[in-house]
Amino acid sequence: MADVETVASGTRLVFAPDAVLRFARGRMLIHTASAGQSPFVTDQPMLIGWLAQFAQPSDAETALARLPAESRALAARALAYLRQSGALREAGIDADVDDADLHARSREQLTALTQGVYELGCDVAGFGPHAEQALRLRGGIGLESRLQALRAAVADLRGELAMARGPYLESQLQALGVDAHSRELNLHIGCGPYLLPGWVNIDIHPAPLATNVLWGLPFAADSARHVFLSHLLEHLFYPNDVHPFLVDVRRVLAPGGIVRIVVPDIAQCIDAYQRDDAEFFAARREHWGTGDGQTTRLEDFLAYAGAGPDPAWLFQAHKFGYDFATLQRALQRAGFVDIERSSFNGSRHPALQVDANSEVAGADHGGQHYSLFVEARKPGGAA
Ligand SMILES: C[S@@+](CC[C@H](N)C(=O)[O-])C[C@H]1O[C@@H](n2cnc3c(N)ncnc32)[C@H](O)[C@@H]1O
């Protein structure tokens with residue numbers, strides 16, 4: 001074991017996210033879900049209460065100084081063991097950490113977690129009410145309390161990230177010269193790599209303004225003149241996410257402001273399917289490089305229309321498809337007026353003749369674009 005000096009180095013320590021604390025017959029056991037080492041066990045009430053402070057990052061030296069002198073050696077040995085086993089880790093910013101690498105590994109964890117939660121739901125559905133009993137018999141704790149613990153861990157993490165949103169967005173907006181007094185903005189939402197000069201180009205990281213638009217648009221009410229969404233809407237859940245998002249788009253638009261929306265034209269796909277138009281689908285697959293060459297028209301069409309996306313694909317997956325009537329209804333429900341069908345680059349508003357900026361919006365088959373082009377106006381202002 002490390003000696004007192006090794007531990008009391010001014011390092012801030014915190015419990016690892018997978019540290020598990022158990023209490024049994026007056027003893028406390030601490031271990032991690034991932035480490036193979038035997039748990040740390042203590043029956044010293046002094047240590048039990050004292051260690052709890054490492055739920056938040058604490059400086060080891062200061063923490064030790066809080067103890068009576070005769071208890072410090074024991075506490076330092078406990079800290080050394082817990083560090084070695086991985087139950088206590090160093091908190092704070094490590095200059096050597098490669099953020100991109102860490103981010104890639106976190107994405108892998110999230111993919112596994114998203115799939116795992118879905119599969120857990122399926123397992124529980126298979127057991128029905130027997131899951132509660134079966135788990136209680138095995139470990140003394142039933143399903144409900146374990147699910148509550150998982151939910152609390154997720155809520156905790158989301159809460160911490162929610163607190164980081166404000167400063168994260170604020171610094172980006174400052175760099176873009178946008179503040180609460182900005183007006184007449186042009187917002188390009190879901191820009192991907194296709195940036196429009198003079199517009200605020202918004203997408204998830206990396207983007208000039210990196211955000212999840214479902215957090216709410218970080219602009220004042222009535223601050224935008226135009227909003228352009230090219231192939232974004234089909235990536236959001238309809239109507240649960242689409243409705244509040246479109247309401248938010250209306251909020252940030254000034255009265256009379258225009259939203260231009262480009263989405264896959266699902267009616268066109270249905271027509272091609274009914275006509276048995278193999279060429280339409282072959283050209284589409286060639287354009288997007290999707291399928292394995294054997295994909296049926298129905299597979300192609302349903303994936304395009306958003307059927308059965310893998311939850312772990314997050315924003316990459318199509319989650320819904322639109323024809324004009326459906327998009328019109330969604331816009332009406334969000335409070336837009338003058339909803340009209342447009343054509344490729346055919347906006348009546350010169351500032352919105354920007355479709356050619358997007359490769360997907362520009363894709364066509366025999367001169368007919370695969371996309372549906374729609375514009376709508378926020379009530380008020382000049383029509
Ligand atoms: C198919 S791409 C379209 C890119 C570009 N607008 C174009 O027309 O080619 C969809 C884009 O929407 C972005 N997106 C999807 N959901 C989003 C969300 N909730 N917040 C921010 N961006 C999102 C994706 O990251 C992706 O870049």
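No lab work stands behind these numbers, since they all come straight from the coordinates. Owing to the predicted nature of the structure, the values given are computational and were not obtained by experimental measurement. Note that we place each Cβ from the backbone using ideal geometry, even for glycine, and neighbour counts take in every protein chain shown.
Extending 7 Å from the Cα toward the beta-carbon at both Arg183 and Ala24 defines two label points whose distance is 6.9 nm. Could you work out the relative contact order of the range 230-312, using alpha carbon pairs under 8 angstrom and six or more residues apart, expressed as a whole percent? Relative contact order of the range 230-312: 31 percent.
Between Met163 and Ser34, the modelled label-to-label distance comes to 2.3 nm, taking each label 7 Å out from Cα in the direction of the beta carbon. Among Val124, Val247, Val213, the ranking by other beta carbons within 10 Å of each residue's beta carbon, starting with the fewest, stands as Val247, Val124, Val213. For the pair Tyr273 and Asp43, a Förster radius of 56 Å applied to the C-beta separation gives a FRET efficiency near 0.20, rounded to the nearest 0.05. Of all beta bridges that DSSP places with both ends in the chain, some 60 percent have antiparallel geometry. Between Leu137 and Arg72, the FRET efficiency estimated from the beta carbon spacing at R0 = 56 angstrom works out to 0.80. In this calculation the C-beta distance from Asp338 to Leu195 is compared with R0 = 25 Å, giving a FRET efficiency of 0.30.
Measuring from a point 7 Å past the Cα of Ala363 along Cα-to-C-beta, which residues in the range 300-320 have an amide N at less than 16 Å? Counting backbone N atoms under 16 Å from the label point, the list is 300-307, 316-320. The fewest-to-most ranking of His31, His231, His243 by surrounding Cβ atoms within 10 Å reads His243, His231, His31. When only Cα pairs under 8 Å and 6 or more residues apart are kept, what is the percent relative contact order across the range 4-90? Contact order relative to length: 43 percent.
Model label points for Asp99 and Leu314, set 7 angstrom from Cα along the Cα-to-Cβ axis, are 1.5 nm apart. Listed from fewest to most Cβ neighbours within 10 Å, the set Met163, Met28, Met46 follows the order Met163, Met46, Met28. For the chain, there are no membrane-span-like helices by this rule, meaning no whole DSSP H stretch whose C-alpha atoms cover at least 20 Å of axis and whose Kyte-Doolittle mean is 0.5 or above; this says nothing about an actual membrane. Between Ala16 and Leu88, Arg89, the built amide H atoms are under 5 Å apart, and every one of these is 5 or more places off in sequence or on another chain.
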